[in-house]
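Notes to accompany the following structure.
The values are calculated or read from the model by the stated rules, or taken from the named source; none is laboratory data. These numbers were taken from a predicted model, which means no experiment stands behind them. Backbone-built Cβ (ideal geometry, glycine too); neighbour counts: all protein chains shown. Just the protein is used for accessible areas: all its heavy atoms, side chains included, with ligands, DNA and RNA removed. Shrake-Rupley method; radii C 1.70, N 1.55, O 1.52, S 1.80 Å.
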Amino acid sequence: MKTRRSFLVQGVAAAASLLAASQAQTRTVRIGYSISKTGPYATGAGITTLPNYRLWVEEVNAAGGLKLATGSARISVVEYDDRSSPEEAIRNIERLITQDKVDFALPPWGTAMNLAVAPVFARHGYPQVAVTNLSEKTPELVRRWPSYFSLLGLPSQYAEALALLLRNLVAGGRIGRRVAVVHTDDEFGLELSGAFRRAAQKEGLELVYFQGYPAGFSDFQSLLNAVKGRSPDAFVAFSYPAETLALPEAAAVVGFNPAVFFLGVGTAFPIFRQRYGANAEGIMGLGGVVPNQAWRTYLERHRAVTNQEPDRWASPVTYVSLQALRVAIERIGKIDRFQIIRLLRQETFDTLLGPLQLEGNVFRSNWLIGQWQGGEFVALMPERPGALAPRVPKPTWNR
Amino acid sequence: MSILDALLTGAIAGGVYGLLALGFALQYGIARILNLAYGEGVVLAGITTALLYQGLSLSPLIALFVLPSLFALGNFLLHRLLFLPLVGRTLALDGEKEGRLILLTFGLSFLIQGFLAAELGGQLFSYSYLGQGVSLGATTVALNRLLAFGVALALVALAHLVFTCTRLGIAVRALSREPEESLLVGIPATRLSTWAFALGGGVGAAAGVLLSTFHALTPASGPEFTLKALVVVILGD
């Protein structure tokens, strides 16, 4: 009798410990995000941000989950569409944190969206490891919201790198000093063109044309004819994707082929190469990649999991932001957001882009200027190991 | 030089927007339906053209013949099954009915946008077709814009001819001006309005095909085109 009872007790204990073990195994970390799946921001979010969120979650779960002190924890995802509306994004993040009780929230796409939700992240003490929030004011904002991060750098960095690149070309006797600038008339275009104007004057470049155009503009022929009339050596457009896609065709039509042809957001998108093929060759833009083994592996995985190619500017940085977040979580070993934010501010992370450090919550060592060379958008600036030499003058448009 | 440039690009853009507005006007003016999902049809046709061109190398010129007929058929069914039961056989519209119709098209617009977002995500659709320049005296224009302008002008002129010179056209105009009285003189008003709605959808699809040859489209660009068509119709009224 006695042995039978002890056997029973043992059995129950074994079952309980098994149950406990399986519970520890199935523990999940809840991650939520609000992203623009419809509306005007859906393009940027759909190319840059959402595929990387999905890729990362898939990869972490395939590796058995996040390694916490209590064991591995798989990621479960809560995903909302903010319909490109900041109010909706704020409501979504609030709901993710207070009702869905997510352990972490991933940031939305775009500067305006990230600024809108920043107070919510900060109030609840959630890290906002944002990528697509490009603003000169970021260092100020970080003082107000210590949980706010920005991984794409500052607009002035890009403008100064471009001015420096052109100055070097002038000094090397490869182009003249005449530069024409057009920009889209909104925050992004004004901030970048303003910073570029200051940097160009400092570097001794001559601005022979400087003109804004309304966002969404698509008939560039007459504008480019006017630019062509000033015969610049370098053409710089701080443009948005639809405009970026329209500009080379219009330039080819009016026969405008300056030695340097620089375009804004969208130059690094896979659709740009798909649309222009050999004509993309030599066109410069924001971002750039070092086509090494790490990049190729990332490219392959991105293609396999999301069925599309990453862009060559913010996509790898978005992936890197998640790599850093993962390391920070695993190093702390539990969901302690305060400690994780502190670690993100201090630590150096080993990532796809090499060592990543967030100085004052900003990643300042991103690739800034790239160029299509041999079918890849390679990095030119800043000048450091990995960067390639610019091909100037750009080849003529072939019909 | 720059003024001539501006005039020319303005005229060319005007031609395509004219076509865009013509389809919208057919649906609103004759079938009395303020179709807020009109832009979604335009975008759907444009994106389909881009996908056919990239996937199967099907020329947009072929798409220009195929897609408008398909879209006209789709709009025909839409009108018969969805809108006509709301409008009623006498085509008498009061404020309440009109409000319901607008809400219905609004919902339809969201439905199509949601479907496109789910299927295609936030991609951009853009391709190179007839991008080379054509010299027009002092200035040059891309061939694709010139083609779009030519086709748009031809279609608008054709519509004008039909409306002014044929018995059918007179009936349509009567219907658009006095829907109730037109019933009294034996105009088959419901049938005619269904046809006008279908035709409007077809014209919108043609505008979408032409636009896609030089304009980058996203699944979210629908409302932009509805708005543009609406503005042209209001200004031109």
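For the residue pairs A:Lys394/B:Lys228; A:Lys67/A:Lys101; A:Lys37/A:Lys101; A:Lys67/A:Lys137, alpha carbon separations beyond 26 Å are given by A:Lys394/B:Lys228; A:Lys67/A:Lys137.
Summed over both chains, the accessible area lost when B and A associate is about 2100 Å², using a 1.4 Å probe. Calculated mean residue ellipticity at 222 nm for the protein assembly as shown: -18000 deg cm²/dmol, from DSSP H runs with n ≥ 4 weighted as -39500 (n - 2.57), summed, divided by the residue count and rounded to 500. With a 1.4 Å probe rolled over the protein heavy atoms of all chains, the accessible area of B:Tyr129, A:Tyr240 falls in the order A:Tyr240, B:Tyr129, largest first.
Based on the Cβ-Cβ distance of A:Ala304 and B:Arg89, what FRET efficiency does E = 1/(1 + (r/R0)^6) give at R0 = 60 Å, to the nearest 0.05? Computed FRET efficiency for A:Ala304 and B:Arg89: 0.60.
Got the relative contact order for chain B handy, in percent, Cα pairs under 8 Å and 6 or more residues apart? Here the relative contact order equals 49 percent. Here the contact order of chain A, divided by its residue count and restricted to Cα pairs under 8 Å and six or more residues apart, works out to 16 percent. Result for chain B in a Gaussian network model with C-alpha springs under 10 Å: among B:Phe197, B:Phe76, B:Phe65, the largest mean-square fluctuation is at B:Phe65.
If I ignore ligands, DNA and RNA and count only protein heavy atoms, how much of A:Trp313 is accessible to a 1.4 Å probe, in Å² to the nearest 10? Accessible area of A:Trp313: about 30 Å².
Just for chain A, what percent of DSSP beta bridges are antiparallel, to the closest 5? Around 35 percent of the beta bridges assigned by DSSP in chain A are antiparallel ones.
In a shell of Cβ-Cβ distance under 15 Å around A:Leu166, excluding A:Leu166 itself, what net charge do Lys and Arg (+1) and Asp and Glu (-1) give?
Here the charged neighbours net out to +4.
How large is the accessible surface of A:Glu383 in square angstrom, using a 1.4 angstrom probe and rounding to the nearest 10? Around 130 Å² of this residue is reachable by solvent. Principal-axis analysis of the Cα atoms of chain B puts helix B:222-236 at an angle of about 70° to the longest axis.
In this structure A:Leu165 has an accessible area near 10 Å², from a 1.4 Å probe over the protein heavy atoms.
With all protein chains in place and ligands, DNA and RNA left out, the 1.4 Å accessible area ranks A:Ser315, A:Ser76 as A:Ser76, A:Ser315, largest first.
Solvent-accessible area per residue for chain A at a 1.4 Å probe radius, Å²?
That works out to 41 Å² for each residue.
Taking other residues whose beta carbon is less than 15 angstrom from the beta carbon of A:Gly374, and scoring Lys, Arg as +1 and Asp, Glu as -1, yields +3. What's the center-to-center distance, using Cα atoms, between the stretch A:205-258 and the stretch B:1-77 in Å? When both Cα centres are located, 27 Å separates them. Take every Cα pair under 8 Å whose residues are at least 6 apart in sequence, average their separation, divide by the length of the stretch A:37-150, and the relative contact order is 21 percent.
Along each principal axis, taking the top coordinate minus the bottom one, the Cα set of the protein assembly as shown gives 101, 86, 44 Å in descending order. The Cα center of the stretch A:104-159 and the Cα center of the stretch A:361-394 differ in position by 24 Å.
Shape of the stretch A:33-180 from its Cα gyration tensor (a ≥ b ≥ c, root eigenvalues): rounded if a/c is under 1.5, otherwise prolate when a/b > b/c, or oblate? In terms of gyration-tensor shape, prolate. Charged neighbours of B:Ile102, selected by a Cβ distance under 12 Å, balance to +1 (K, R count +1; D, E count -1). With the full set of protein chains in place, find how many percent of the accessible area of the stretch A:315-399 is carbon and sulfur; take the probe as 1.4 Å. Carbon-and-sulfur percentage of accessible area, whole number: 48.
Axis angle, to the nearest 10 degrees, between helix A:314-332 and the longest C-alpha principal axis of chain A: 30 degrees.
To test your reading of the geometry: what angle, between 0 and 90 degrees and rounded to tens, separates the Cα axis of helix A:187-202 from the longest principal axis of chain A? So the inclination is approximately 50 degrees. In the full protein context, the stretch B:158-211 carries 51 Å² of accessible surface per residue, based on a 1.4 Å probe and ignoring ligands, DNA and RNA. What whole-number distance in Å separates the alpha-carbon centres of the stretch B:182-237 and the stretch A:297-325? When both Cα centres are located, 40 Å separates them.
If Rh is defined by the Kirkwood formula over all Cα pairs and Rg also comes from Cα, what ratio Rg/Rh do you get for chain B? Ratio of gyration radius to Kirkwood radius: 0.99. Taking the square roots of five times each eigenvalue of the Cα gyration tensor of the stretch A:114-271, the equivalent ellipsoid has semi-axes of 33, 18, 12 Å, listed largest first. Largest to smallest in accessible area, the residues A:Ser34, A:Ser222 fall in the order A:Ser222, A:Ser34 (1.4 Å probe, all protein chains included).
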